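A.B. asks: This is the structure I want to talk about, given as structure tokens.
The values are calculated or read from the model by the stated rules, or taken from the named source; none is laboratory data. This structure is a prediction, so every number in the text was calculated from the model and none was measured. Note: ideal-geometry Cβ built from the backbone for every residue, glycine included; neighbour counts use all protein chains shown. Just the protein is used for accessible areas: all its heavy atoms, side chains included, with ligands, DNA and RNA removed. Shrake-Rupley method; radii C 1.70, N 1.55, O 1.52, S 1.80 Å.
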Amino acid sequence: MQPETARFKELSRAALANDQLQRSMVATGPQFVLKRAKARAALPEFDDLRNAARDIKNHVLAHLDVYLEKFEARVQAAGGHVHWAETAEEARAIILNICAAKKARLITKGKSMVSEEVGLNEALEGAGHTPVETDLGEYLIQIRNERPSHIIAPAVHLRREQIEADFRRVHTDLDPARDLSHIPALVEEARRVLRQNYLDADVGITGANFLVAGTGSAIIVTNEGNGDLTRLMPETHIVITSIEKIVPTLEDASTLLRVLARSATGQDISTYTTLMTGPRRAADPDGPEEFHIVLLDNGRSQVLGTEFQDMLRCIRCGACLNHCPVYQAVGGHAYGWVYPGPIGSVVTPALIGIENAANLPNASTFCGRCEDVCPVRIPLPRLLRHWREREFEQHLTPRTVRSGLGAWAFLAKRPKLYGLAMRLAARFLNWRGRAGRIASLPLARGWTRTRDLPAAQGKTFTELWRERQK
Amino acid sequence: MSARETILARIRSRLPGTEAARRDAVELHLAAHGANLVPLRGLGDGDHRLSLFTRLMTGVGGSVETVETLADVVQAVAAHMAAAGLPPSLRKGADTTLAHLPWHRAPGLTLLSGPADPADHTTLSLAFAGVAESGTVLLLSGPDNPATLNFLPELHMVVLPASRLVSCYEDVWPLLRASQGDGLMPSTLNMISGPSRTADIEQTIVRPAHGPRDLHVIIVVGA
Ligand code: SF4
């Protein structure tokens, strides 16, 4: 699917008018926030672990060439194949070659954002293969021909009724009179439908959350167990992942695992954390006979050594999306490509070019919540500002915005002043009611419409947040 | 230039310091196996580890029971299967610890070995270790431990010797290196913390998703 990042404003407006989406966001957003807060409260060392996690990733990035070579050598020693892909196109070609050599018909897939990034499913279909997503959320969006709207909960924008309708539309061999009126019935149906696919698949493709250089292991975390069945049942397992996923040792992986699930879903650890090292060994009774790992660059190495390097620490936990007022107002599809939310607005320009993503760095209120919750302490607002500067320098900003942006940037660089301006604005809104002229601020309408700026108290989101954190 | 060389060359051109210095730093870091900050919650004696493990595992929908000796595992397994209303057929790995259990004490039980079959209702594995800090069991694939046993059945039972229930992940890795060799791994290492679940529809937690409906851990106090 082509990026639609240029349509951010238009897509946002549509998202704000989409009642079903708004109900989904309101129902799920606060749950993510609450779950993370509980997990954090239950582990006194949590914030210190975030520092350790940040330091590990910084160490990796500063030694990335050597760690990648170490990782490669370990995978090969364990009997696996390592493929390097500079671009999305190369990654697709490598995988298509493997699938063709295996004469693959059915291909099961575990959830992988890198697979979305390179548009793998379209390529597989184009070559006559049948890819089937096995993560429930990914399966739901696959049968709807949509992009994921969240990096860990791809179908978070959907309501039960929509899914029921989709299942009735797609699972036509099942009894039309069956009861799908509750969520467990939908999950049970997906379990039954997908089970046969695991058994019939010729190739399984998963992503990786981490790559352990010292052991040559790719780590995936899931709650469903779908990634494991995708790896274990077919003859061939392919991991598609990117070069910045390296961690040095199992000890370092442990630290990152401690912050990943807590930040993502509020779990101490995901139900299944799997370390996959090469294919099955000669005497093993099961597991894939062939193991391939595709290491994608796609612009990441170009970010090294720039003011944007910190984005490469990202472990794709989704916390910054869950805590972002803009994401929570417009949902993931408005961002128009694969990675939504604050991290999406930072990563997308690096991967597809700022000229193709010029709107995204503006999709922020600079409230700073994303940086507050990021488990690897990525300074997301600062990176967004850097993109705005680049955008401004390259004259990609529309003339009408250019003058206003100066004032905005002036405020955004001065948190105290910004807070004051927002408080004043909130009071102004309170006085003017919902039709206030403040609605011309970027996304202010999204805000007030879905979130009800607490006009009665005249407080800003930031003020309320501070209070809640106490 | 191959993609590999292009990517590595670009990375090198953008990193500070010399390649030689980076190599030395990486060798040092890998050889040290240094632990980072380890949370206190798992640290403590056997009773602490057992109670924390049990609380966390049951908190996510798993079940835990303790038995005194390895021989007691047989009755525990048979009783749990009967209580769950599952057919008396059990698939397990060929692992010697499990093979040497007094299975004759459960005469009604049919024992199968080898990789899991989609028709299997119940499987039994021996854990390599358990971790108290997150209520996690670790299983290694190998000739005697098919990894499919962990995912295909309705009920997955895991035997965990109490002596292998450690505080934190960092306690496991030295055991793993001792068993496999430094830097070497089994094909698949599973860390399992509860039965399969999903929250992909409206963030509502439903069990199971694709893996086992039930995970039952039998901790052997005297092993
Ligand atoms: S930027 Fe930070 S909070 Fe956002 S997904 Fe990445 S790791 Fe998580």
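A.B. asks: Only Cα pairs under 8 Å and at least 6 apart count here; give the relative contact order of region A:43-296 as a rounded whole percent. Spell out each step's value before the answer.
C.D. replies: Values: 436 pairs, mean separation 71.0, N = 254.
That works out to 28 percent.
A.B. asks: If you count only protein heavy atoms and use a 1.4 Å probe, how large is the accessible surface of B:T69, to the nearest 10 Å²?
C.D. replies: 60
A.B. asks: Describe numerically, in nm with one decimal, the distance between label points set 7 Å from Cα along Cα→Cβ at B:H104 and at B:L37.
C.D. replies: 5.7
A.B. asks: With charges only on Cβ, +1 for K and R and -1 for D and E, what is the dipole size of chain B about its Cα centre, in debye, rounded to 20? Working shown, then result.
C.D. replies: Details: 17 positive and 21 negative charges, 105 e Å.
Taking the Cα centre of chain B as origin, the dipole is about 500 debye.
A.B. asks: Write down the Å³ per residue value for the convex hull defined by the alpha carbon atoms of region A:67-208.
C.D. replies: Working: hull volume 18.6 nm³, N = 142.
In region A:67-208, the Cα hull volume divided by residue count equals 131 Å³.
A.B. asks: Okay, next question. R0 = 35 Å: FRET efficiency of A:Q196 with A:R23, Cβ-based, nearest 0.05? Mind showing how you got there, number by number?
C.D. replies: Values: r = 33 Å, r/R0 = 0.95.
Plugging the Cβ-Cβ distance into 1/(1 + (r/R0)^6) gives 0.55.
A.B. asks: Still on this structure: Can you find, among B:S141, A:C367, B:G181, the residue sitting farthest towards the positive end of the charge dipole of the protein assembly as shown, where Lys and Arg contribute +1 and Asp and Glu -1 at Cβ?
C.D. replies: Towards the positive end, the residue furthest out is A:C367.
A.B. asks: Sticking with this one: Summing both sides, how much accessible area is buried between B and A? Use a 1.4 Å probe and give Å² to the nearest 100. Mind dumping the intermediate values first?
C.D. replies: Numbers: alone 12350 and 20850 Å², together 25600 Å².
What B and A bury together is about 7600 Å².
A.B. asks: So which aspartates and glutamates can A:K38 reach, going by Cα to Cα under 18 Å and dropping same-chain residues fewer than 8 places off?
C.D. replies: A:D47, A:D48, A:D268, A:D372, A:E467, B:E133
A.B. asks: Could you give the size of the charge dipole of region A:311-393 about its Cα centre, using +1 on the Cβ of each K and R and -1 on the Cβ of each D and E, expressed in debye and rounded to the nearest 20? If you can, show how the numbers build up before the last one.
C.D. replies: Details: 8 positive and 6 negative charges, 51 e Å.
Roughly 240 debye for region A:311-393.
A.B. asks: Then there is this: Work out Dmax and Rg for the protein assembly as shown from the C-alpha atoms and quote the Rg first, both in angstrom.
C.D. replies: Answer for the protein assembly as shown, Rg first and Dmax second: 25.3, 84 Å.
A.B. asks: Also, quick follow-up: With a cut-off of 8 Å between alpha carbons and a minimum separation of six or more residues, what is the relative contact order of region A:1-122 in percent?
C.D. replies: Values: 25 pairs, mean separation 22.9, N = 122.
Relative CO of region A:1-122 lands at 19 percent.
A.B. asks: Next up: Pull out a ≥ b ≥ c, the square roots of the eigenvalues of the alpha-carbon gyration tensor of region B:41-220, then state rounded if a/c is under 1.5, prolate if not and a/b is larger than b/c, and oblate in the remaining case.
C.D. replies: On the way: a/c = 1.32, a/b = 1.13, b/c = 1.17.
Since a/c stays below 1.5, the shape of region B:41-220 is classed as rounded.
A.B. asks: While we're on this one: Let me know the shape class of region A:311-393, please: from the alpha-carbon gyration tensor, a ≥ b ≥ c as square roots of the eigenvalues, rounded when a/c is under 1.5, otherwise prolate if a/b is greater than b/c, or oblate. Can you show the working numbers first?
C.D. replies: Working: a/c = 1.45, a/b = 1.26, b/c = 1.14.
Rounded shape, in that the Cα axes give a/c under 1.5.
A.B. asks: To continue, here is another question. Can you tell me the orientation of helix B:3-14 relative to chain B, as the angle in degrees between its alpha-carbon axis and the longest Cα principal axis, to the nearest 10?
C.D. replies: Result, in degrees: 60.
A.B. asks: Using Cα atoms only, what is the angle between the long axis of helix B:73-83 and the major principal axis of chain B, expressed in degrees (0 to 90) to the nearest 10?
C.D. replies: Long axis of B:73-83 versus the principal axis of chain B: about 70 degrees.
A.B. asks: Which entries in the list A:K35/A:K109; A:K111/A:K245; A:K109/A:K245; A:K70/B:K92 go over 24 Å, if you measure between the two C-alpha atoms of each?
C.D. replies: On the way: A:K35/A:K109 28 Å; A:K111/A:K245 15 Å; A:K109/A:K245 19 Å; A:K70/B:K92 36 Å.
As for pairs spanning more than 24 Å Cα to Cα, those are A:K35/A:K109; A:K70/B:K92.
A.B. asks: For every helix of n ≥ 4 consecutive DSSP H residues, a contribution of -39,500 (n - 2.57) applies; sum these over the protein assembly as shown, divide by its total residues, and give [θ] at 222 nm rounded to the nearest 500 deg cm²/dmol.
C.D. replies: On the way: 28 runs with 311 residues, N = 693.
Taken over the protein assembly as shown, the calculation gives -13500 deg cm²/dmol.
A.B. asks: With the full set of protein chains in place, find how many percent of the accessible area of the protein assembly as shown is carbon and sulfur; take the probe as 1.4 Å.
C.D. replies: The value for the protein assembly as shown is 53 percent carbon and sulfur by accessible area.
A.B. asks: Right, another one. With a/c under 1.5 counting as rounded, go ahead and sort region A:228-309 into rounded, prolate or oblate using the C-alpha gyration tensor (a ≥ b ≥ c being the square roots of the eigenvalues; past the cut-off, prolate if a/b is larger than b/c, else oblate).
C.D. replies: Numbers: a/c = 2.39, a/b = 1.36, b/c = 1.75.
Oblate is the answer for region A:228-309, as a/c is 1.5 or above yet b/c matches or exceeds a/b.
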